[in-house]
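Q: One structure, as structure tokens, below. Some questions next.
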Amino acid sequence: MSKIPIGVQLYSIREDCEKDLAGSLAKVAKIGYAGVEWAGYHGKTAKELRKLQDDHGLKACGTHIGLEQLMPDKINATMDFNQEIGNKYLIVPGLPKERYVGQAWMDTGKLFSELAAKVKPRGFRVGYHNHHIEFKSEGGKTLWDIFYETTSADVVLQMDTGNAYEGGGDVLAYLKCHLGRSVTVHLKPFSKTNKTAVIGEDETKWKEVFDACEHGGGTEWYIVEHESDPVSPMNAIQKCFEGLRELGKV
């Protein structure tokens, strides 16, 4: 089996990107990352972003966008934009708090299934990225369980390992259960004692995570995200990449 490519969620280095997007992408590529998941476009057009990616040998491995960008008045423009940058993963990173309750949450799952069906003919995937809230109980099940049960198999369940552990979720159990739906996975370190730990220094059982992703998860991209580093965000994502090398993923 060929190795799954590794991207980085640019939210990790958002301030660097805001100051110097081209320079930041150059550093990302130099570290060794194969792709970038966008979190805002810094005022650039799709053609400008595509050129920046191409200039540095990077692929788009996703974008985090608001649900409103997938509504009827914007969905075609969203697909056009992402087709230009070569991205097929349209991931919603969070929702208004009123959606996380009862029937509203069930309806959200139905909506995501409908959106996934709309974008599928053009080769796109719609997905949802968890934080910690999805692992609270709602009628004896977690919100993440309910979302899984109320969405079609076309909806990507973008597991964020660190966020899930923070919320008390059993990451390995979910990855093993949700076969074929962990198409892109956020590798975020988690430690109860060291909030700045990078991959390889934290408490995550990474080898078991990788095994679940690579044997049933359907994972096409690993995406590093790290949000707290005492030196610099760029230093953190470099150390995470080195940690993945030590784990045999590079």
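The values are calculated or read from the model by the stated rules, or taken from the named source; none is laboratory data. Everything numeric here is computed off the predicted structure, so don't read it as measured data. Please note: Cβ atoms are built from the backbone with ideal geometry, for glycine as well, and neighbour counts cover all protein chains shown. When the accessible area is computed, the model is the full protein with side chains, heavy atoms only, and any ligands, DNA or RNA have been set aside. Shrake-Rupley method; radii C 1.70, N 1.55, O 1.52, S 1.80 Å.
Q: Straight distance only, please: which lysines reach the Cα of LYS59 with their own Cα at less than 17 Å, same-chain residues fewer than 8 apart left out?
A: LYS3, LYS27, LYS30, LYS44, LYS47, LYS51, LYS88
Q: Another question about this same structure. Taking the Cα centre of region 39-119 as the origin, how large is its charge dipole in debye, to the nearest 20, when only Lys and Arg (+1) and Asp and Glu (-1) carry charge on their Cβ atoms? Let's see the in-between values first.
A: Numbers: 11 positive and 10 negative charges, 28 e Å.
The calculated dipole for region 39-119 is roughly 140 debye.
Q: Which one of ILE237, THR219, PHE124 is farthest out on the positive end of the charge dipole of the chain, using unit charges on Cβ (Lys, Arg +1; Asp, Glu -1) and the Cα centre as origin?
A: The residue sitting most towards the positive pole is PHE124.
Q: What is the set of long-range amide H partners of GLU138 at a cut-off below 5 Å, with H atoms built 1.01 Å from backbone N?
A: LEU143
Q: Something else now. What part of the accessible area of region 132-250, given as a whole %, is carbon or sulfur when the probe is 1.4 angstrom? Show your work: numbers first, answer last.
A: On the way: 2420 of 5000 Å².
About 48 percent, which is the carbon plus sulfur part of the accessible surface.
Q: Three principal axis extents, largest first, for the C-alpha atoms of region 93-176, in Å?
A: That gives 37, 26, 20 Å along the principal axes, largest extent first.
Q: Now for a separate question. Ranked highest first by the average count of other Cβ atoms within 10 Å around their residues, in what order do 181-189, 15-23 fall? It would help to have the intermediate numbers written out before the result.
A: Numbers: 181-189: 25.0, 15-23: 14.3.
So the peptides 181-189, 15-23, ranked by packing, come out 181-189, 15-23.
Q: Going by the alpha-carbon gyration tensor, a ≥ b ≥ c the square roots of its eigenvalues, is the chain rounded (a/c under 1.5) or, if a/c is not under 1.5, prolate (a/b greater than b/c) versus oblate? Walk me through the numbers before you get to the answer.
A: Details: a/c = 1.60, a/b = 1.11, b/c = 1.44.
Taking the square roots of the gyration eigenvalues as a ≥ b ≥ c, the chain is oblate.
Q: Counting Lys and Arg as +1 and Asp and Glu as -1, each charge on the Cβ, what is the dipole of region 93-236 about the Cα centre in debye, to the nearest 20? Mind showing how you got there, number by number?
A: Details: 16 positive and 21 negative charges, 82 e Å.
With only Lys, Arg, Asp and Glu charged at Cβ, the dipole is about 400 debye.
Q: Amide H neighbours of ASN130 under 5 Å, at least 5 residues apart or on other chains, H built in the peptide plane: list them.
A: When sequence neighbours closer than 5 places are left aside, the close amide H contacts are GLN158, ASP160.
Q: About the Cα centre of the chain, what is the dipole size in debye to 20, counting +1 per Lys and Arg Cβ and -1 per Asp and Glu Cβ, all else neutral? Can you show the working numbers first?
A: Numbers: 31 positive and 35 negative charges, 95 e Å.
Using only the charged Cβ atoms, the result is roughly 460 debye.
Q: Among HIS186, GLY57, ALA164, whose Cα lies farthest out toward the positive end of the dipole of the chain, if unit charges sit on the beta carbon of Lys, Arg (+1) and Asp, Glu (-1)?
A: It is GLY57.
Q: Taking the solvent-accessible surface of protein heavy atoms with a 1.4 Å probe, what is the per residue accessible area of the chain in Å²?
A: Here the residues of the chain average 45 Å² of exposed surface.
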